[in-house]
Structure formats: structure tokens, C-alpha cells
1. Hey, residue 165 hits all of (1) outside any helix (DSSP H, G or I); (2) surrounded by fewer than 16 Cβ atoms within 10 Å (Cβ to Cβ); (3) among the hydrophobic types (A, V, I, L, M, F, W, C) but one; which does it fall short on?
2. Listed residues 167, 180; which is free of Cβ contacts under 8 Å to residues at least 60 places away in the same chain and aromatic (Phe, Trp, Tyr)?
3. From (1) part of a helix (DSSP H, G or I); (2) in the same structural domain as residue 89 (by TED's automatic domain parsing); (3) in contact (Cβ under 8 Å) with a residue 24 or more places away in the chain, pick out the condition that doesn't hold for residue 117.
4. Please note which helices (runs of 4 or more DSSP H) are completely contained in the range 218-305 and include at least 1 residues that are under 14 Å from residue 7 (Cβ atoms) and either among the small types (Gly, Ala, Ser) or in contact with a Pro (Cβ under 8 Å, 6 or more places away or on another chain) (or both).
5. Can you find, within the range 93-114, the residue that is farthest from residue 274 (Cα to Cα) among those that are among the aliphatic types (A, V, I, L, M) and at pLDDT below 75?
6. Quick test for you: out of 199, 186, 154, pick the one residue that is under 19 Å from residue 32 (Cα atoms) and assigned to a helix (DSSP H, G or I).
7. In the range 228-240, is there at least one residue being at pLDDT below 90 and of a type in the set (Phe, Trp, Tyr)?
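The values are calculated or read from the model by the stated rules, or taken from the named source; none is laboratory data. What you see is a predicted model, and the numbers here were worked out from it, not measured in a lab. A quick note on method: Cβ atoms are made from the backbone with ideal geometry, for glycine too, and the neighbour counts reach across all protein chains shown.
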Amino acid sequence: MKYNLELVKNKRKIIGFSTFLILLSLLGILYSTFNTSYKKPINLGMDFIGGNELRIERACEEECSKLSPDSVLENLREISKDKNVLNNIKLQFQNNNKIISIRTPYLSIEESNNLITNLDNIIGPLNYESKDSRLIGPKLGKRLLTNCVTSLLVSLFAISLYITIRFDKKYALYALFALFHDLFIVFGIFSWLGFILSVEVNSLFAVSLLTIAGYSVNDTVVIFDRIRENLKSKKDESYNETIQLSVNESFRRTTFTSITTLIPLLTIILFGSYSLFWFSLSLSLGIIVGSYSSILLAPSLLLKD
């Protein structure tokens, strides 16, 4: 089956669409940095800023009733003796309102137990056997954030070096642009999700960015290799026609690879645990954007006007 992607005809539309996505992502990052309570380009989770997390299940006989986190927090403030404990507290209901997730600044054992008791009085009964808690100190959180940023920068440098050695300067430049295009858009989407849906990113988000970077470069290198081979062998065709032909020849392989990767990720999004939901969504978005940039954007940048 032959494909006929009209890159030459649609070059401006492709570049215009990518420009729109980049500007939209930049707007989300700027808004998140200057107009949110956390004042950062993205809403960092407890892995990076530290604190306490308590998770406990409600003992519901059948389906758990739907509750509003704001109303529960308001009731907690009314009956709590220590009002300082409730500063900067975040409460979420998960798994059809059965699991309660509470994130707070540092709490003593007594403060933690009092908080659970007050919750039991408001929305109980609770299943105390399911109680799970974890503590991350601020130094450990900062170290983890530093390590994640460092690993991302080192991997990007290594990828940049590899592409520069393998291709000439023009090919390497456009491959790197496509790579940063993919990472920036995924980062921007999660900036929007941070202040719209209060989505927090953890260490798994950094892992997803590293995976997206490798996946994006792999697809781009495959298509650029085909372009380079065809430019040597098909000298009877024009430069632009050869690039367009090469993309169409690689389209089936790149698309099928992306689809087979997306299928298990979609399964995790639909049926997996909440802890893997945003990680899987980030990877899925990266694969979609990366496939688009490898198939359409990067080759379009190579075209001559």
C-alpha cells in the first residue's frame, strides 16, 4: 500500500501548527510560573518538595458516596484543635471515592493520628488496616529534583552528540529541534494540567520525558536515514520530491510502531492504578507528538522553498 503525504504542499500548515502548540505550551508555563500559588513552571509533587502523604480506604458496604474535598476540609477545620496542621493540606478522593489521599507538611505521629480520627468522624467509617503513610524530607526532595534535571540534561547532551556525529549539521539541527519540540509540548501540557486540574508531577514524569526523548530521536533518525539513502540513489528526482518519497516509504513502519506502543499504554490508562495514570498519559502524549514531529515536522524543515 502506497501513502501520499503532501509535505511540500502542506509545509507551512505543518510548521504553523507546531508553532501554535509551542506558543500554547509557553503560555501555560508562563501562567504557571507567575499566576499560581506554587510559582513554578510546573506543579511539583511531594517527591520534589517533601512532606507527608496519608492514604486510607473508606469502609463502604457497597458504592462509596461522592464527597467534595473542599467541604471535607472545611469540616476538618471546624473540629480540629490544631489549626496549623491544616495549612497547605491537599485532599483527594480516588478509586470511585473509596481511597482518601491526604498530603500535608510534616506531621508528628500524634498529629497524623488526630487527623485520621477527625476524618473518621466526618466521612467514616475508615478501614484502619489499609492506612499507608510516607515521608519525604525537603533535602531528599531537592536532591531528587536535581538528579532528575541532571539526568535529563546529560541524556539530551548525549543524544545531541550522537546526532551531530551521525548526520551533517543541518540534519542534526532539525532532529534536535524536533526533540525539544516534543519535550516542550508535553511539559507545557502538564503545566496547563497543573493549574486546571491540580495535577502534580513526580519522579515518574522525569522518567517519561527521558523515554519520550529516546523514542522521538529513534523515529527521526529512521526517517532521516531513509532520506539520506534516497538522496544518494534517486538522483533523477528533485530534492523535495525525494524527501517526500522517503517519508511516505517510512510512514507505515513509524505509524505501526507508535500504535503498538500506544496500545499497552492505553490499557494502563483505562485499567491501571491511579499512580501510573499520569505517567502513562505523559508517555502517550509524547509518542503521539513525537510521531507527528518525526513524520511531518522534521522532514518539512528539510524542504527547500
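1. With (1) outside any helix (DSSP H, G or I); (2) surrounded by fewer than 16 Cβ atoms within 10 Å (Cβ to Cβ); (3) among the hydrophobic types (A, V, I, L, M, F, W, C) applied to residue 165, the lone miss is (1).
2. Details: 167 fails: free of Cβ contacts under 8 Å to residues at least 60 places away in the same chain.
Just a single option satisfies the conditions, and that option is 180.
3. (3)
4. Numbers: elements: 239-271, 277-292, 298-302.
Those helices (runs of 4 or more DSSP H) span 239-271, 298-302.
5. Looking only at the range 93-114, we keep the residues that are among the aliphatic types (A, V, I, L, M), and these are 99-100, 102, 107, 109.
Narrowing the set further to residues that are at pLDDT below 75 leaves 107, 109.
Details: 107: 25, 109: 26 Å.
My answer is 109.
6. Numbers: 199 fails: assigned to a helix (DSSP H, G or I); 154 fails: under 19 Å from residue 32 (Cα atoms).
So the residue among 199, 186, 154 that is under 19 Å from residue 32 (Cα atoms) and assigned to a helix (DSSP H, G or I) is 186.
7. There is at least one residue in the range 228-240 that is at pLDDT below 90 and of a type in the set (Phe, Trp, Tyr).
To keep it simple, each residue is scored yes or no on (1) in a helix (DSSP H, G or I); (2) hydroxyl-bearing (Ser, Thr, Tyr).
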residue: 17; (1), (2): yes, no
residue: 21; (1), (2): yes, no
residue: 30; (1), (2): yes, no
residue: 33; (1), (2): yes, yes
residue: 38; (1), (2): no, yes
residue: 55; (1), (2): no, no
residue: 61; (1), (2): no, no
residue: 65; (1), (2): no, yes
residue: 70; (1), (2): yes, no
